[in-house]
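Encoded as structure tokens, the structure appears first; notes follow it.
The values are calculated or read from the model by the stated rules, or taken from the named source; none is laboratory data. Because the structure is predicted, anything quoted here is derived from the model rather than measured. Here Cβ is always computed from backbone atoms with ideal geometry, including for glycine, and neighbour counts include all displayed protein chains. Protein only, heavy atoms only, side chains kept; ligands, DNA and RNA dropped before computing areas. Shrake-Rupley method; radii C 1.70, N 1.55, O 1.52, S 1.80 Å.
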Amino acid sequence: MGPPIFDPEIELNFAMMVHGGQEFVWGAPVVAGDEITTTASVKDISESDGRGYYVFESESVNQRAIRCATEPGQT
């Protein structure tokens, strides 16, 4: 989640950040020799009760653009 959480426009306060949950959706198996590329993005930013909520998503694909894993809706 590196690039999105370090984006200065998002303004995350790391001292107050709590990981709310995470899930994985698995795709094609990864085998020796595969080159995996992961793309992360910010899916939602909201506020409730004076707290900020950030939802990130990442997708990992192999060198043939076949999805290996997705982390949908991390909070």
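Quick look at the numbers
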{"item": "Exposure rule at most 15 other beta-carbon atoms within 10 Å, DSSP loop chymotrypsin sites (Phe, Trp or Tyr not before Pro): the chain longest free segment", "result": "25-75"}
{"item": "The chain, accessible area per residue, ligands and nucleic acids excluded (1.4 Å, Å²)", "result": "74 Å²"}
{"item": "Estimated 222 nm signal from helices in the chain, with DSSP H stretches of n ≥ 4 weighted -39500 (n - 2.57), rounded to 500", "result": "-1000 deg cm²/dmol"}
{"item": "Accessible area of the chain belonging to carbon and sulfur atoms, whole % at 1.4 Å probe", "result": "53 percent"}
{"item": "Rg over Rh [alpha-carbon atoms, Kirkwood Rh] for the chain", "result": "1.06"}
{"item": "DSSP-assigned coil residues among GluC sites (Glu not before Pro) in the range 1-66, each with at most 15 further Cβ atoms within 10 Å", "result": "9, 11, 23, 35"}
{"item": "Under Karplus coefficients 6.51, -1.76 and 1.60, residue-wise ³J(HN,Hα) of the range 41-55 in Hz, glycine/proline x", "result": "8, 8, 9, 7, 10, 9, 9, 8, 6, x, 10, x, 10, 10, 10"}
{"item": "Trypsin sites (Lys or Arg not before Pro) lying in DSSP loop within the chain, provided at most 13 other Cβ fall within 10 Å", "result": "64"}
{"item": "Backbone HN-Hα couplings from phi across the range 27-38 [Karplus 6.51/-1.76/1.60, Hz, Gly and Pro as x]", "result": "x, 5, x, 8, 10, 3, x, 5, 10, 9, 10, 10"}
{"item": "Computed magnitude of the charge dipole of the chain (debye, nearest 20; Cβ of K, R +1, Cβ of D, E -1)", "result": "240 debye"}
{"item": "Relative contact order, percent, the chain [alpha-carbon distance under 8 Å, six or more residues apart]", "result": "35 percent"}
{"item": "Among 33, 50, 21, residue whose mean-square fluctuation peaks in a GNM of the chain (springs only between Cα atoms under 10 Å)", "result": "50"}
